[in-house]
Amino acid sequence: MDKREAVRVPVQVRARCRVEGLVIDGLVEDVSRSGLFMRVELPIEIGASAELDLELPGEDPLHLGVEVVRIEEQPRSGMALRFTGDVDRARKPLANFIMRQHQEATR
């Protein structure tokens, strides 16, 4: 049973995660209003806080605080990130993007 509170939609968008002077580029595979999954070669540790630049098509890049909540190694290497801090400024563009992606996926 899936315990997620928000619908996730599949995407293929670039993102950059910054933590303690380290910059990690990755590919976001799914996104919701509460978080996302980012494929990366070397994930950061669970519980770590970071800043994320999310490049949404048709929108200005979103700058969000995130926390690592899960790391996966197989079948895909990456990390699940939960949005933290003030996400209100990003809520509308993020919701619009998710709605567009969901509509495209259900066609």
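Please treat every number below as a calculation from the coordinates, not as lab data. Predicted model only: the values in this text are computed from it and were never measured. Positions of Cβ are backbone-derived with ideal geometry, glycine not excepted, and every protein chain shown enters the neighbour counts.
Between E67 and R33, the simple spin-label model (points 7 angstrom out along Cα→Cβ) gives 2.0 nm.
For the pair D60 and R89, label points projected 7 Å from Cα toward Cβ lie 0.9 nm apart.
Just from its helices, what would the mean residue ellipticity at 222 nm be for the chain, if runs of 4 or more DSSP H residues each count -39500 (n - 2.57) and the sum is divided by every residue, rounded to the nearest 500 deg cm²/dmol?
-5500 deg cm²/dmol
Which residues in segment 68-92 have a backbone N closer than 11 Å to a point placed 7 Å from the Cα of S49 along the Cα-to-Cβ line? Answer for segment 68-92: 84-86. The 3J(HN,Hα) values that the Karplus relation (6.51, -1.76, 1.60; θ = phi - 60°) gives for segment 44-60 are, in residue order, 8, 6, 4, x, 5, 9, 8, 10, 10, 9, 10, 9, 8, x, x, 10, 5 Hz. Gly and Pro appear as x.
Magnitude of the charge dipole for the chain, about its Cα centre and with charges confined to Cβ atoms of Lys, Arg (+1) and Asp, Glu (-1), is about 420 debye. Candidates (1) 20, 16, 13; (2) 58, 13, 9; (3) 26, 20, 12; which is the computed semi-axes √(5λ) of the Cα gyration tensor in Å? The value matching this structure is (1). If you fit an axis through the alpha-carbon atoms of helix 88-105 and take the longest principal axis of the Cα set of the chain, what angle between them do you get, 0 to 90°, nearest 10? Approximately 60 degrees, to the nearest ten.
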